[in-house]
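The values are calculated or read from the model by the stated rules, or taken from the named source; none is laboratory data. In this text the structure is predicted, and so the values were computed from the model without any measurement. Please note: Cβ atoms are built from the backbone with ideal geometry, for glycine as well, and neighbour counts cover all protein chains shown. To get the accessible areas, we keep the full protein, side chains included, count just its heavy atoms, and leave off ligands, DNA and RNA. Shrake-Rupley method; radii C 1.70, N 1.55, O 1.52, S 1.80 Å.
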Amino acid sequence: ERSQVAIVGDLMRSVSVVQYFPKYKALEEVARDYNALWTTAAEMLTENVYLVAENWCNFVVLKRNPKAAAEEVRCRLETVGEFNAGEMTNKLMSGSLVVPTASNDGIYDSRGTLGSGDASPGGFTGIRSPKKAKKAAAANSNTPMKAVVTIGSRTLYCTVDGSIGSCLGLDGPTAAFFCALERCMARAIRPVGGLGHSEFR
């Protein structure tokens with residue numbers, strides 16, 4: 001049976017995880033983050049992974065390990081990610097900035113296949129010869145294209161300055177690619193004010 005858990009954010013004591021026990025009709029704290037975070041918003045990404053915003057304009061990702069052998073580990077939330085948002089976030093909620101559609105021209109649909117359309121990659125765009133166009137279309141029909149990006153959690157955030165943004169959970173290879181791209185951009189582009197990108201982020 002799946003446990004019924006919720007997270008509670010405290011302004012000065014970070015986040016606690018509480019579990020509801022129907023048999024006793026009671027809530028009991030089962031884990032907490034022992035760091036002193038001034039929590040402004042919190043959201044459950046999964047049953048054991050939580051996104052927290054605090055007053056210094058940072059996001060903190062906390063992870064719970066309920067299957068650990070030691071009770072000390074089970075009752076403690078581990079910090080697995082820290083990001084600077086640049087603005088103080090006061091609202092987190094599950095959602096997306098883009099309305100999902102069944103299929104779009106040149107866009108991967110929900111099944112991971114490319115939507116129909118003449119403007120799709122490898123289609124008729126830029127090919128003037130009808131024979132070459134037919135040959136390219138036949139090649140595409142024999143080689144189905146699949147999406148390489150898997151998106152997990154989708155979380156919207158709002159800031160006190162009026163900004164609206166989205167946090168997406170990505171699969172391992174995609175996350176590794178963007179981390180490498182970020183490091184390459186940091187080496188090639190001079191940061192504003194001489195601030196190190198890794199220290200700021």
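Rounded to the nearest 0.05, what FRET efficiency do ALA69 and ARG183 give with R0 = 35 Å and r taken as the Cβ-Cβ distance? Could you check?
On the way: r = 36 Å, r/R0 = 1.04.
Efficiency computed from Cβ-Cβ geometry: 0.45.
What does the charge count near THR89 come to, summing +1 for each Lys or Arg and -1 for each Asp or Glu among other residues with Cβ under 11 Å from its Cβ? Don't skip to the end; give the middle numbers.
Values: positive: LYS91; negative: GLU43, GLU54, GLU87, ASP161.
Taking every other residue near THR89 into account, the sum is -3.
Using only the Cα atoms, work out Rg/Rh for segment 1-70, with Rh taken as the Kirkwood radius, to two decimals. Walk me through the numbers before you get to the answer.
Working: Rg = 12.6 Å, Rh = 12.7 Å.
Ratio of gyration radius to Kirkwood radius: 0.99.
May I ask you to rank THR150, THR39 by accessible area, largest first, using a 1.4 Å probe over the protein chains only? Intermediate values should be presented prior to the final figure.
Details: THR150 85, THR39 15 Å².
Output order, biggest surface exposure first: THR150, THR39.
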